[in-house]
């Protein structure tokens with residue numbers, strides 16, 4: 001299972017989140033707090049994850065800006081579904097539990113991963129994947145989960161604020 005550690009710990013620099021697999025650091029992720037973008041170092045290779053033309057994309061840092069190795073786009077806001085492509089392999093992302101905010105990742109009719117979250121006041125996404133899935137793909141899906149979790153939290157805050165304004169406007 002992949003899970004993000006606490007930023008700046010376990011040998012990661014300030015603002016860098018170590019990505020752990022069974023307690024061992026396997027990657028590092030520097031994610032923007034304000035934008036849907038990040039850089040990741042996986043196996044000594046640097047990746048750039050960003051949002052462009054309505055989709056999340058992943059490329060090697062030394063690839064041209066328009067290169068796309070990994071991608072994900074939301075296919076239904078209401079159902080919370082996404083469609084991803086990992087080095088040409090299609091992966092469908094659907095909600096596993098609306099209340100827990102977890103997802104199922106299916107490729108070729110077979111579940112290849114599922115997400116979860118750490119408990120507590122500040123939950124962080126986790127990802128349990130088929131051992132055959134490359135670590136780079138797993139880290140991208142963990143980044144996708146982080147983006148989805150933040151979008152959902154933003155939507156809840158906006159809905160709550162809207163309800164409070166509407167309720168106080170009588």
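The values are calculated or read from the model by the stated rules, or taken from the named source; none is laboratory data. Nothing here was measured: the structure is a model prediction, and the numbers come from that model. Here the Cβ is made from the backbone with ideal geometry for all residues, glycine too, and neighbour counts use every protein chain on show.
Details
- Of the residues screened, residue 34 is not one that is over 13 Å from the mean Cα position of the chain (by Cα) and outside any loop (DSSP other than H, G, I, E, B).
- A residue that is closer than 20 Å to residue 29 by Cα, assigned to a helix (DSSP H, G or I), modelled with pLDDT of 95 or more and in contact with a strand residue (DSSP E or B) (Cβ under 6 Å, 6 or more places away or on another chain) can be found somewhere in segment 123-136.
- Residue count for segment 1-35 satisfying the condition of being surrounded by 14 or more Cβ atoms within 10 Å (Cβ to Cβ) and out of contact with any strand residue (DSSP E or B) (no Cβ under 9 Å at 6 or more places or on another chain): 0.
- As a summary of the residue check, residue 139 satisfies the conditions (1) more than 23 Å from residue 40 (Cβ to Cβ); (2) surrounded by 13 or more Cβ atoms within 10 Å (Cβ to Cβ) except for the one numbered (1).
- Answer from 73, 110 - the residue that is over 14 Å from the mean Cα position of the chain (by Cα) and closer than 22 Å to residue 133 by Cβ: 110
- Any hit, segment 154-170, residues being part of a strand (DSSP E or B), at pLDDT below 95, over 13 Å from the mean Cα position of the chain (by Cα) and more than 21 Å from residue 35 (Cα to Cα): no
- In segment 37-121, counting only strands (runs of 3 or more DSSP E) that sit wholly within it, the ones holding 1 or more residues that are touching a helix residue (DSSP H, G or I) at 6+ places or on another chain (Cβ under 6 Å), touching a residue at least 40 places away in the same chain (Cβ under 8 Å) and surrounded by 19 or more Cβ atoms within 10 Å (Cβ to Cβ) span 38-42, 45-52, 55-60, 70-76, 81-86.
- Candidates 39, 9, 75: the one that is over 16 Å from residue 142 (Cβ atoms) and at pLDDT 95 or above is 75.
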